[in-house]
1. Take the stretch 68-85 and flag every residue that is crowded, with 19+ Cβ neighbours inside 10 Å, modelled with pLDDT of 90 or more and hydrophobic (A, V, I, L, M, F, W, C).
2. Which members of the stretch 32-59 meet the condition of being surrounded by 17 or more Cβ atoms within 10 Å (Cβ to Cβ), over 10 Å from the mean Cα position of the chain (by Cα) and over 13 Å from residue 2 (Cβ atoms)?
3. Being among the β-branched types (Val, Ile, Thr) and modelled with pLDDT under 90 narrows it down to one residue among 88, 65, 36; which is it?
4. Restricting attention to the stretch 1-16, report how many residues are assigned to a loop (DSSP other than H, G, I, E, B), loosely packed, with under 15 Cβ neighbours inside 10 Å and in contact (Cβ under 8 Å) with a residue 12 or more places away in the chain.
5. Cβ contacts < 8 Å: first residue free of Cβ contacts under 8 Å to residues at least 60 places away in the same chain, restricted to the stretch 25-50; second residue part of a strand (DSSP E or B) and small (Gly, Ala, Ser), any location; separation 6+ or different chain. Result?
6. Name the one entry in 62, 74, 58 that is free of Cβ contacts under 8 Å to residues at least 60 places away in the same chain, closer than 15 Å to residue 10 by Cα and more than 16 Å from the ligand (Cβ to nearest atom).
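The values are calculated or read from the model by the stated rules, or taken from the named source; none is laboratory data. No experiment lies behind these values; they were computed from the predicted model shown. Glycine gets a Cβ as well: all are built from the backbone with ideal geometry, and neighbour counts include every protein chain shown.
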Amino acid sequence: MCDHGGKVQPIPHQETVTIQGAPVLCLGDLVGAPVIGCPLASPTTKPCTTVLAPLPGSVSTSMFIQGMPVHVDSFTAATDGVPPATVIVEFAGQEIVQA
Ligand SMILES: [Zn+2]
């Protein structure tokens, strides 16, 4: 979700590795993903609609799926909202993945 409460809709590119039925998110699955329901609409602000680049510390340096680094619990990324905001994504259970 973004700072304002909008919800991120991830776009999984792989479904080989899942946690409790949900695909594990890798680098690229969240860049360009839509942000739904950000309330930041006014004449001087713009609601978040898209996830931009992940910020440092968002991907695993040790776990890869099909060559792509896995996003970690500390994932954060910028959005295209005005003023700029960041999104966080909750990865319930990701720590129990066995590579
Ligand atoms: Zn927002």
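1. Hits for the stretch 68-85 are 70, 77, 85.
2. The answer is 59, and nothing else.
3. Testing whether each residue is among the β-branched types (Val, Ile, Thr) and modelled with pLDDT under 90 leaves just 88.
4. So in the stretch 1-16, the residues assigned to a loop (DSSP other than H, G, I, E, B) come out as 1, 3-6, 9-16.
Next cut, loosely packed, with under 15 Cβ neighbours inside 10 Å only: 5, 9, 13, 15-16.
Next cut, in contact (Cβ under 8 Å) with a residue 12 or more places away in the chain only: 5, 9, 13, 16.
Number satisfying all stated conditions: 4.
5. 30/77; 31/53; 31/77
6. Working: 62 fails: closer than 15 Å to residue 10 by Cα; 74 fails: closer than 15 Å to residue 10 by Cα.
Within the list 62, 74, 58, the selection yields 58.
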